[in-house]
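Reviewing the structure listed below.
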Amino acid sequence: MWLRTQCDISFDVAIPTQFILMLRPRSGANQWIAKESYTLWPNVPVFEYTDNYGNLCQRLIAQPGEFTIQTHAAIHTSPLIDTAPGAPFDEVQSLPDSVLTYLLPSRYCESDRFIELAQDIVYGLTPGYDQVSALNDWIRANINFNPYSPHFQLSAVEVNLAGEGVCRDMAHLGIALCRAICIPARMVVGYLYGLQPMDFHAWFEAYVGGRWYAFDPTQAEPRGGRVIVAYGHDASDVAIFTQFGPALYPTYMAVSVELLENPPT
């Protein structure tokens, strides 16, 4: 399927402010970026680099006044999401070096605090994909997905106590539960076609059967139509914008995902 994504963000900048942005999706095994535009107003010099997770990041200094970022992309992605019931658990000693890091506790995913709970949830299940699926189902049944949650920047422990959260919070809990039973898991941020209310979206991936599989506890069924922008250990690695200096919040932000009937020309 072909999708068109758009993001508009505006800030009211008081002093020259250093930003790191993470708004450009990249082509990969499951998505092809056919067309893209990235507009800054007013225009400022930008330096782009690839971080340790392979994400495309842009460094810039915004000058005082209104500062606006607008991105468009036409992307080919799958209408389905890969599933693999029965896919086996990967022994830790056999994991690729690049995957080992996703077994460790991180700032928002205190996996060492969830060992007993995770073991209880997956008791009697075949190690691997079926365990992750059970953890994902448990989150959906026990944590309320509330896009308007008043809670802010919850860790896995905090969202489990609160009993509700936004997509990012539920992904943190899924990651922590997976790591607690020695299954590597990572955060994913991007777009989901048909998401309501529309916004950037977060889910998680788990490494079983020799590859990564996506899981999304906010959705009742596996859904495709996803556009990946960034990967990381947790939300601290995948912020779509980070500024250095006085705290800045967008004065305006809008996200849209449209289905294209034909490939872009």
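All of the numbers you see were taken from the coordinates with simple rules; none came from a lab. Quantities reported herein were computed from a predicted structural model and do not represent experimental measurements. Note that we place each Cβ from the backbone using ideal geometry, even for glycine, and neighbour counts take in every protein chain shown.
Working only within segment 222-248, note down all residues that are in contact (Cβ under 8 Å) with a residue 40 or more places away in the chain, over 18 Å from the mean Cα position of the chain (by Cα) and not in a strand (DSSP E or B). Reasoning before the result, please.
As a first pass, look at segment 222-248 and keep what is in contact (Cβ under 8 Å) with a residue 40 or more places away in the chain: 222-246, 248.
So of that shortlist, the ones also over 18 Å from the mean Cα position of the chain (by Cα) come out as 243-246, 248.
Result: Gly245, Pro246, Leu248.
Right, Arg26: in a loop (DSSP other than H, G, I, E, B) and out of contact with any Pro (no Cβ under 8 Å at 6 or more places or on another chain) or not?
Details: in a loop (DSSP other than H, G, I, E, B): yes; out of contact with any Pro (no Cβ under 8 Å at 6 or more places or on another chain): yes.
Taking the combined requirement at face value, the residue satisfies it.
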Handout entry: Hey, Leu125 under 25 Å from Arg107 (Cβ atoms) and either surrounded by fewer than 17 Cβ atoms within 10 Å (Cβ to Cβ) or among the hydrophobic types (A, V, I, L, M, F, W, C) (or both) or not
Key = no
Handout entry: Whichever residue in segment 90-112 is surrounded by fewer than 13 Cβ atoms within 10 Å (Cβ to Cβ) and of a type in the set (D, E, K, R) and, among such residues, is nearest to Val132 (Cα to Cα)
Key = Glu91
Completion exercise
Those residues of segment 25-68 which are under 21 Å from the mean Cα position of the chain (by Cα) and charged (D, E, K, R) amount to Arg26, Glu36, Glu48, Asp51, Arg59
Exercise for the section: Considering each residue of segment 190-204, count those that are surrounded by 24 or more Cβ atoms within 10 Å (Cβ to Cβ) and out of contact with any helix residue (DSSP H, G or I) (no Cβ under 6 Å at 6 or more places or on another chain), and give that number. Expected result: 1
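Look through Val122, Val166 and report the one residue that is closer than 18 Å to Asp234 by Cα and among the β-branched types (Val, Ile, Thr).
Val166
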Completion exercise
Of the residues in segment 1-30, those that are more than 30 Å from Gly65 (Cα to Cα) and buried (at least 19 other Cβ atoms within 10 Å of the Cβ) come to Leu3
Problem - Filter result (exposed (fewer than 13 other Cβ atoms within 10 Å of the Cβ) and in contact with a helix residue (DSSP H, G or I) (Cβ under 9 Å, 6 or more places away or on another chain)) within segment 31-57 - result: Asn52
Problem - Spans of helices (runs of 4 or more DSSP H) in segment 127-188 with at least 3 residues more than 19 Å from the chain's Cα centre (by Cα) and under 15 Å from Ala214 (Cα atoms) - result: 129-142
Handout entry: Residue among Glu205, Glu164 that alone is closer than 23 Å to Val227 by Cβ and acidic (Asp, Glu)
Key = Glu205
Handout entry: Inter-residue pairs, beta-carbon under 7 Å, first closer than 19 Å to Ser236 by Cα and in segment 131-158, second among the hydroxyl-bearing types (Ser, Thr, Tyr), 6+ apart
Key = Ser155/Tyr108; Ala156/Tyr108
